[in-house]
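Student: Here it is, the structure, as structure tokens.
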């Protein structure tokens with residue numbers, strides 16, 4: 001076997017198995033039947049002056065894109081169970 005084939009196969013197997021090792025639930029919010037509706041979060045943010053462009057579920061978190069009450073573009077992640085902000089960009 002060529003000395004380059006074994007490292008190449010090892011690298012390829014690590015590359016392909018990386019997705020299986022990734023955590024699908026970054027928020028660790030528990031079962032979906034315990035989550036608050038995303039509409040509740042949207043309503044709260046709108047009352048704080050946000051303009052919501054898009055709301056989705058991403059890696060077990062609520063992901064909201066829009067503008068804050070101060071007019072800044074925002075991409076924020078919220079815990080679906082507590083609606084607590086986890087990260088904003």
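What follows is calculated from the coordinates using simple rules that are stated; it is not laboratory data. From a predicted model like this one, the values you see are computed outputs, not experimental measurements. So basically every Cβ, Gly included, is an ideal-geometry build from the backbone, and we count neighbours across all protein chains shown.
Student: At residue 42 and residue 67, where each label point lies 7 Å from the Cα along Cα→Cβ, what is the point-to-point distance in nanometres?
Tutor: 1.9
Student: Order by neighbour count: 85, 64, fewest other Cβ atoms within 10 Å first, most last.
Tutor: Result, fewest neighbours first: 85, 64.
Student: Another question about this same structure. Among 63, 54, which comes first, second and so on when ranked by fewest other beta-carbon atoms within 10 Å?
Tutor: The most exposed by this proxy come first: 54, 63.
Student: Each label point is 7 Å from the Cα along the Cα-to-Cβ direction; what then is the distance between the points at residue 75 and residue 87, in nm?
Tutor: Placing both labels 7 Å along Cα→Cβ, they lie 1.0 nm apart.
Student: Mind sorting 57, 38 by how few other Cβ atoms lie within 10 Å of their own Cβ, fewest first?
Tutor: By the 10 Å Cβ count, ascending, the order reads 57, 38.
Student: Right, here's the next one. From the C-alpha gyration tensor of region 25-88, pull out the three semi-axes of the equivalent ellipsoid (sqrt of 5λ each), sorted largest to smallest, in whole Å.
Tutor: 20, 12, 9
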